[in-house]
Amino acid sequence: MKFKLSLIFFFTELLAIYPNILFSNNSAESMYSNRQFFRENNGQVRDQNWLPRTDILFSGKSEGLIYHLKKDGLSYQFSRNGTWKQNDHELNHKNLLDQKKISPKSVTFYRVDVEWLGANPNCIIEKEGQLDGFENFYNVPQGTEPVLNVKSYSSIVYKNIYHNIDLKFYKMHDGTLKYDFIILPGGNYQDIQISIKGGKIEINTNQELIIKTPYGIITEGTLQVMQAGKILPSRWVINSENIISFDVNCKNNKSALIIDPPVRLWSTYYGGGDEDFGNGIDTDDSGNVVITGYTESTAFIATSGAHQTTLAGNWDVFLAKFNPNGGFLWGSYYGGNNSDIGSDILIDDLENIYITGTTKSTILISTLGSHQQNHGDGGSIFDDAFLIKFDKNGNRLWGTYLGGNGYDSGHNLITDSAGNCYLSGYTTSLSNVSTQGAHQIVNGGGG
């Protein structure tokens, strides 16, 4: 179910559970910190009418996806901002004279519900790893006392959720949400039946369970089942349109089983009406994602104001950046009058972005004063390698060819703490590749 709101008040945390929308309020810094794992609900979570939602036990956020744990299941919540508006009265503290805050005029929500069918309604829920500190919630309905001293925990365990079966929720060091079914001796994994509502479920060619929604895909990865330190053959089973279970090749019922489906919390298409290929990907310390490859699409690649907003040749390199939630920040073409292919991409410690690959283009690749301003053979027959540097906002800093009279290709990038960039690839050229005094200044194969 979709929800579309016009936000009249600013809420720092917005939570939705069908059929109601839930609000709780606290510092945005705390909410979006990876350190914030599973926050208990002591009455601060309420629906759009400010009525308490006592069915919500814990809430959290992982890689941009809000989740809620209930007695008999959990929910994933997606959100998408609509058009944006400037708040003239609010100035950005980074630039009080020039920049203004912006906020969404509307937000659309979508939720996927997961229910553990036949689960024990009297299971004991254990809170593990209490985090330091607490949170207070003051933005509550008139006449209602604020909710104080709300604690958070590093993991939550549902004890005996099925007979001799526990379920543990926790997070990895990178903030990724994880859960394990732990089948103790005497338990039967076939008791676990999971209903999924709000998404279309499929098993892809990699044997991953995917949940398709209008806002993206949740991927419960290839099933991993461990027993006594050994991985057992296993697979997902779709029993009906929206119910899944497991099939495990297990002949020993005297040792515990651990069923561990790794969860990928978002994925997205990126491309236009023609062929698009992704070749390289990297992330920065904030979790932003950059990708490169090559495209012949004339639409849905570049954003307004990008370094290059139109396709210039047969194939152009593309560069795109996404935030940690999978939101598209900006994208750009990069290429000239022929074919250009991006092979690898890298973010350095200062969040600058490097791209390498191959090009036949003789224009729009290099910058004035770069290492090699001209294509090695004029682009008539062979490709040259290239190396381009952008800042974190997609502004080009410099670009250069690297190649001679043969075929040259850039493939791998690495940087050091001093800001130097190193490029490897391969070449058939007899010139313009090595430097004087290098370990090997002549092509050993003679081209």
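The values are calculated or read from the model by the stated rules, or taken from the named source; none is laboratory data. Keep in mind it's a predicted model, so treat the numbers as computed, not measured. Please note: Cβ atoms are built from the backbone with ideal geometry, for glycine as well, and neighbour counts cover all protein chains shown. Side chains are part of the model used for accessible areas, which takes the heavy atoms of the whole protein and leaves out ligands, DNA and RNA. Shrake-Rupley method; radii C 1.70, N 1.55, O 1.52, S 1.80 Å.
Some observations on this one:
- Around residue 359: net Lys/Arg minus Asp/Glu count, Cβ-Cβ under 11 Å: -4
- Of the trypsin sites (Lys or Arg not before Pro) found in the stretch 116-207, no site is in coil according to DSSP while having at most 12 other Cβ atoms within 10 Å of its Cβ.
- Working note: Cα gyration tensor of the stretch 376-420, eigenvalues times five, square-rooted, sorted largest first, giving semi-axes of 25, 13, 8 Å.
- Each part gets one Cα centre, and for the stretch 394-420 versus the stretch 270-339 those centres are 18 Å apart.
- Computed from backbone phi with θ = phi - 60° and the Karplus coefficients 6.51, -1.76 and 1.60, the 3J(HN,Hα) list for the stretch 337-350 is 8, 9, 9, 9, 10, x, 10, 8, 9, 8, 10, 8, 5, 9 Hz; x is used for glycine and proline.
- Qualifying GluC sites (Glu not before Pro) in the stretch 266-373, where qualification requires a DSSP coil assignment and no more than 12 other C-beta atoms within 10 Å, comprise 275.
- Size of the stretch 143-222 as Cα extents on the principal axes (Å, biggest first): 53, 41, 30
- Our summary gives the stretch 169-213 a relative contact order of 21 percent, counting only alpha carbon pairs under 8 angstrom and 6 or more residues apart.
- Karplus (6.51, -1.76, 1.60) ³J(HN,Hα), θ = phi - 60°, over the stretch 375-389, in Hz, Gly and Pro reported as x: 4, x, 10, x, x, 7, 10, 9, 8, 10, 6, 9, 9, 10, 10
- P(r), alpha carbons of the stretch 191-346 - 10 Å bins starting at zero, rounded %: 10, 29, 24, 21, 12, 4, 0
- Spherically averaged projected area of the convex hull of Cα atoms, the stretch 355-394: 3.0 nm².
- Relative contact order of the stretch 334-447: 22 percent, from C-alpha pairs under 8 Å at least 6 residues apart in sequence.
- Cα pair distances in the stretch 334-418, grouped into 10 Å bins until the bin that holds the longest one, percent each: 20, 52, 24, 4
- When you filter the trypsin sites (Lys or Arg not before Pro) in the stretch 244-310 for DSSP loop state and at most 14 other Cβ atoms inside 10 Å of their Cβ, you are left with 251, 254.
- Taking other residues whose beta carbon is less than 15 angstrom from the beta carbon of residue 408, and scoring Lys, Arg as +1 and Asp, Glu as -1, yields -4.
- Candidate residues 285, 113, 191: accessible-area rank, largest first, probe 1.4 Å: 285, 191, 113
- Residue 285 paired with residue 48, simple spin-label distance in nm, labels 7 Å along Cα-to-beta-carbon: 4.1 nm
- Distant alpha-carbon pairs in the stretch 109-265 (separation over 19 angstrom), percent: 62 percent
- Quarter of the Cα convex hull surface for the stretch 222-305, i.e. its orientation-mean projected area (nm²): 10.2 nm²
- In this rough spin-label picture, where each label sits 7 Å from Cα along the Cβ direction, the residue 435-residue 205 distance is 4.4 nm.
- Summed residue charge, Cβ within 14 Å of residue 236's Cβ, Lys/Arg positive, Asp/Glu negative: -4
- Which listed pairs, of 71/151; 61/389; 171/251; 171/197; 70/321, have C-alpha distances above 27 Å, in listed order: 61/389; 171/251; 70/321
- Value of relative contact order over the stretch 159-236, rounded to a whole percent, pairs C-alpha under 8 Å and six or more apart: 17 percent
- R0 of 35 Å, Cβ-Cβ distance residue 420-residue 239: FRET efficiency to nearest 0.05: 0.05
- Here's how it looks for residue 357: its modeled amide H is under 5 Å from those of 343, 386, 410, which are all 5 or more places away or on a different chain.
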